[in-house]
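Here the structure is laid out as structure tokens; the discussion comes afterwards.
The values are calculated or read from the model by the stated rules, or taken from the named source; none is laboratory data. This one's a predicted model, so the numbers in the text were calculated from it and none came from an experiment. Here the Cβ positions follow ideal geometry from the backbone for every residue, glycine too, while neighbour counts run over all protein chains shown.
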Amino acid sequence: MYFDTHCHLNSEELFENHDMFIQKALDNQVNNMVVVGYTLESSKKAVELAKQYDFIYAAVGIGPNDCLDTTQEDMDELEEYLKEPCVVALGEIGLDYYWDTVSKEKQLEVFNWQMELAKKYQKPVVIHCRDAYEDTYQVLKRNGHPGIMHCYSGSVEMAKRFIDIGFYISLAGPVTFKNARVPKDVAANIDLEHLLIETDCPYLTPHPYRGKLNEPANVVYIAQEIAKLKNMEIENVARATTFNAKKVLGIK
């Protein structure tokens, strides 16, 4: 019924007990998950997990905070993962100007390398963007390739610009936070046909479990909040976001 489009069962916090977290998700009607890579090693683990379960998919990529030493040889390894049938997207990739661990120039270089791979293999991209919305938008617009704005934290106006170039807006735990006006505005004002839900676990645990370890089962609380903000039944949110996820990821 629910589709967690972005989880990190490949993370140090969740990987060791991934079977337990997967079963808890299934018990909570979370019937599909995408395990998302952010380094070569985490991408490899995402593929390993997706190969074990026919309802789990993988996204592979090198994120902006982890690309300091990324080379063209790394792109060759990433390309091999993209050939796996269980890999439905390239990501998470993008730009992050909040942290200063990697220069903007290096982030842009690796971002563009991976956009070329996405186009070559016709895979949607999963975009990490923090404090870099205009630069991210320009790269995506120039490349003309569709995908997902993961854990979106920008404005309604910016969301509409991303939608216009073929992107879905994915909301995570922050939409449930009491004083999170911006993601709540996005949930209320962006049409359901453009929305996805995710946990980004083990991070950003939704209310009422904020502060505890996040897991895929908690994606239900994101759907619940969106339903409340849109004054509709949660089943409608679950159905629409699952349909949207399968559409953008090319899942039959």
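The residues listed here are Gly144, Gly166; of these, the one that is surrounded by fewer than 20 Cβ atoms within 10 Å (Cβ to Cβ) and under 19 Å from Gly61 (Cα atoms) is Gly144. I'd like the full set of residues that are surrounded by 18 or more Cβ atoms within 10 Å (Cβ to Cβ) and in a strand (DSSP E or B), limited to the stretch 109-130. The answer is Val125, Val126, Ile127, His128, Cys129.
Within the stretch 51-69, the set of residues being farther than 17 Å from Ile148 by Cβ, in a helix (DSSP H, G or I) and not basic (Lys, Arg) comprises Gln52, Asn65, Asp66.
Listed by first and then second residue, the pairs linking a residue in the stretch 22-39 that is crowded, with 21+ Cβ neighbours inside 10 Å to a residue that is at pLDDT below 95 and in a loop (DSSP other than H, G, I, E, B), with Cβ atoms under 8 Å apart and 6 or more places separating them unless they lie on different chains, are Val30/Met1.
Scanning the stretch 93-108 for residues that are assigned to a loop (DSSP other than H, G, I, E, B) and either among the polar types (S, T, N, Q) or loosely packed, with under 14 Cβ neighbours inside 10 Å (or both) returns Tyr98, Trp99, Asp100, Thr101, Ser103.
Each residue in the stretch 225-249 was checked for being more than 15 Å from the chain's Cα centre (by Cα) and over 13 Å from Met1 (Cα atoms), and 9 of them qualify. The numbered conditions (1) out of contact with any Pro (no Cβ under 9 Å at 6 or more places or on another chain); (2) closer than 21 Å to Ala46 by Cα are all true for Asp100 except (2).
Of all residues in the stretch 51-92, those satisfying the criterion of being closer than 26 Å to Ile22 by Cβ, of a type outside the set (A, V, I, L, M, F, W, C) and buried (at least 20 other Cβ atoms within 10 Å of the Cβ) are Tyr57, Gly61, Gly63, Asp66, Tyr81, Gly91, Glu92. List the pairs whose first member sits in the stretch 71-99 and is under 19 Å from Met33 (Cβ atoms) and at pLDDT 95 or above, whose second member is polar (S, T, N, Q) and in a helix (DSSP H, G or I), and whose Cβ atoms are under 7 Å apart, counting only residues at least 6 apart or on separate chains? Listed by first residue and then by second, the contacts come to Tyr81/Ser43; Leu90/Gln114.
Just one of (1) surrounded by fewer than 22 Cβ atoms within 10 Å (Cβ to Cβ); (2) over 20 Å from Leu171 (Cβ atoms); (3) touching a Gly at 6+ places or on another chain (Cβ under 8 Å) fails for Tyr133. It is (2). Criterion first (touching a Ser or Thr at 6+ places or on another chain (Cβ under 8 Å), farther than 29 Å from Val237 by Cβ and of a type in the set (Asp, Glu)) does Asp66 satisfy it? The answer is yes for Asp66. Just one of the listed residues (Ile148, Ile169, Ile165) is more than 14 Å from Gly91 (Cβ to Cβ), of a type outside the set (Lys, Arg), touching a strand residue (DSSP E or B) at 6+ places or on another chain (Cβ under 9 Å) and touching a residue at least 12 places away in the same chain (Cβ under 8 Å), and it is Ile169. Is the stretch 101-114 home to any residue that is closer than 25 Å to Ser155 by Cβ, among the aromatic types (Phe, Trp, Tyr) and in contact with a strand residue (DSSP E or B) (Cβ under 9 Å, 6 or more places away or on another chain)? Among the residues of the stretch 101-114, at least one is closer than 25 Å to Ser155 by Cβ, among the aromatic types (Phe, Trp, Tyr) and in contact with a strand residue (DSSP E or B) (Cβ under 9 Å, 6 or more places away or on another chain), which makes the answer yes.
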